[in-house]
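Remarks on the structure that follows.
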Amino acid sequence: MFRLFNKTSKMERLLVIISFLFILLQVGLELKIPDYMSDITRLLQEPGTKTGDILTPGFKMIGLSLASFAASIIVGYFAARIAAGLTMRIRGEVFQQVTDYSTSEIQHFSVPSLVTRTTNDLTQIQMLIAMGLQVVIKGPVTAVWAITKIAGQNWQWTAVTGVAVFFLLVMLTLIMVFVRPKFAMVQSITDNLNGITRENLIGIRVVRAYNAEKYQDAKFEGANNELTAVNLFAGRMMSMFSPVMTLVSSGLTLGVYWIGTFLIQDAVGMDKLTVFSNMVVFTSYAMQVVMGFILMTMIFFILPRALVSAQRINEVLDLQPSIQFTDKEVETTDVKGKIDFRNVTFAYPDAKNPVLHDVNFSAIAGQTVAFIGSTGSGKSTILKLIPRLFEISKGSLKIDNHDVKEYPQDELNDIIGYIPQKPVLFSGTIRSNMEMGTSKAYPLDDEKINRALEIAQAKSFVDEEPEGLDANVAQGGTNFSGGQKQRLAIARVIAREPEILIFDDSFSALDYQTDQKLRSILKEELPETTKLIVAQRISTIMDADLIIVLEEGHVVGSGTHKDLLAKNQVYQEIAYSQLSKEELAHE
Ligand SMILES: Nc1ncnc2c1ncn2[C@@H]1O[C@H](COP(=O)(O)OP(=O)(O)OP(=O)(O)O)[C@@H](O)[C@H]1O
């Protein structure tokens, strides 16, 4: 928590000090009020006191109350400013950190948990500062200051106040013991709830199509009930809190007055009035002591959750991306678009066994290298290693004769154009999607964008949009078909003019004709660009310069379609399962 508070700016620290002074002022003013009450009771005892004499201390009491009210408004204003400013900064840092994460760190936390940490957890911190600054400082200051005011007074009254304070301390301890662990659970339950909600929303069509609403409802209900139970528990504790506090403060007043009756009875003559006056003033101060403890108790309702949230935010800020990039520019060579895999072995983080074993292959500029194999054989994994989405475990991976680790991130991303299995479009327009990011081809003009769209076979449907390039793209590109999304994603990468294009099953949603057209135009228009293609359809890869056949992470064959069809059993099985001998021979 303190680590997060360290992120406050100089201005915010100054505001904390000013707030502290205003809180002192507020408490001082509030504790001055009983003095005037004492004056009034003294004046009432003196014979010949007129109403006008009481008005002066009366107005002073009103003035003090108003001044204290103004001071509390100022503290509230500053607290809100500090809370909003600090959390804005931390939110930015968390977002930045998550942006730098590699896939394995995102997998480590899970997406819903990262969303909760950036939103809900930060709200807890914001609440703690906004409400807590008043409560944390004001509670102890009021309690201690009020105790010094009544110290040395009648011991019987002090003893009753001591009993009330003891009772409050017991309450504080009980809250710490019982409520804190429950609050610690809330955030992880919220993660779970977010995860289920997210999954349900993403898969809503599947849920409906399979009549699986009840199944999903049951999953949601479990998490929902768990959260409700914790909230109910906290609510019940809170509902007990207020009556218990009233009971303590009323009991204290009653105790002081009850003892007072005996003291007044025992006093003689004018002393009776003095004891009565002291009793009224003592009660006011004793109430302030109780109020101080009530404020301190309130913080224990906010603090446990905020502590857990702070820890969860720190976890995100502390976890350094497992893949670090150098800042040093790599020495440029004449070699462009060359890829070398030498004995590359790879295991996913936290996995026991490698999914790739001793993979060897090379590709040079302009070549098309294709990967084929059964599902789970490691085709996509090979492609993910090239832009360093994951780090190889053993062996060497070179691009243009330099190890991939020698490249700064921007440079590597300029060289490689990677199109993932699931195309990702962002909300905005077609143009904003095309123009996002930077590369050596930037800034992009309409001519460059249109050329990229044309190569990707996307120009025709973009032209059909009334707004053309300015047509709206919904979040996730949901207003485009699967094939259209794939083509827009391909166009976006082509516009960057990378040396190496990586297509991870990017033609799967295209019809046979578009697939063929796209591949032949890629060959014609981008003859210098190295193309790596993972595809399920043999027809998509059969004209590649080199085909790598994978089985359970091992390369079990490589060569051209003709070579493999003649010699490689795995390739033959895949090929014959999709096309007839005549079709294969014809192609
Ligand atoms: N992010 C991941 N974390 C852990 N294991 C993974 C991850 N992604 C893939 N795997 C595992 O790695 C193996 C290879 O997966 P990969 O996606 O490379 O296969 P693929 O040949 O591309 O399959 P497909 O054709 O079905 O896309 C699989 O056994 C899979 O379970």
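Of the residues Lys384, Lys440, Lys398, Lys405, only one is touching a helix residue (DSSP H, G or I) at 6+ places or on another chain (Cβ under 6 Å) and either polar (S, T, N, Q) or open to solvent by 40 Å² or more (accessible area, probe 1.4 Å) (or both); which? Lay out the reasoning, then the answer.
Numbers: Lys384 fails: touching a helix residue (DSSP H, G or I) at 6+ places or on another chain (Cβ under 6 Å); Lys398 fails: touching a helix residue (DSSP H, G or I) at 6+ places or on another chain (Cβ under 6 Å); Lys405 fails: touching a helix residue (DSSP H, G or I) at 6+ places or on another chain (Cβ under 6 Å).
Answer to the selection: Lys440.
Can you pull out the helices (runs of 4 or more DSSP H) entirely within segment 462-553 that have at least 1 residues that are under 32 Å from the mean Cα position of the chain (by Cα) and either surrounded by 15 or more Cβ atoms within 10 Å (Cβ to Cβ) or within 16 Å of the ligand (Cβ to nearest atom) (or both)? In segment 462-553, the matching helices (runs of 4 or more DSSP H) lie at 482-495. Tell me, which residue of segment 315-353 that is under 30 Å from Arg180 (Cβ atoms) and surrounded by 15 or more Cβ atoms within 10 Å (Cβ to Cβ) is nearest to the chain's Cα centre (by Cα)? Per the criteria, the residue is Val316.
The residue that is surrounded by the most Cβ atoms within 10 Å (Cβ to Cβ), counting only those in segment 256-275 that are assigned to a helix (DSSP H, G or I) and touching a helix residue (DSSP H, G or I) at 6+ places or on another chain (Cβ under 6 Å), is Val256. Contact map, segment 219-235: first residue part of a helix (DSSP H, G or I), second residue surrounded by fewer than 16 Cβ atoms within 10 Å (Cβ to Cβ) and among the β-branched types (Val, Ile, Thr), Cβ cut-off under 7 Å, separation 6 or more or different chains; the map is empty.
With a cut-off of at least 3 residues that are within 16 Å of the ligand (Cβ to nearest atom), name the strands (runs of 3 or more DSSP E) lying wholly within segment 330-423.
Values: elements: 339-346, 356-363, 368-373, 394-399, 416-419.
Passing ranges, in order: 339-346, 356-363, 368-373.
Among the listed residues Lys7, Lys60, identify the single one that is assigned by TED's automatic domain parsing to the domain that holds Tyr285 and under 18 Å from Ile129 (Cα atoms). So that I can check it myself, show each step before the final result.
Details: Lys60 fails: under 18 Å from Ile129 (Cα atoms).
Exactly one of Lys7, Lys60 is assigned by TED's automatic domain parsing to the domain that holds Tyr285 and under 18 Å from Ile129 (Cα atoms), namely Lys7.
The values are calculated or read from the model by the stated rules, or taken from the named source; none is laboratory data. For clarity, every value in this text was computed on a predicted model and none was experimentally measured. A quick note on method: Cβ atoms are made from the backbone with ideal geometry, for glycine too, and the neighbour counts reach across all protein chains shown. Ligands, DNA and RNA are excluded from the accessible area calculation, which covers all protein heavy atoms including side chains. Shrake-Rupley method; radii C 1.70, N 1.55, O 1.52, S 1.80 Å.
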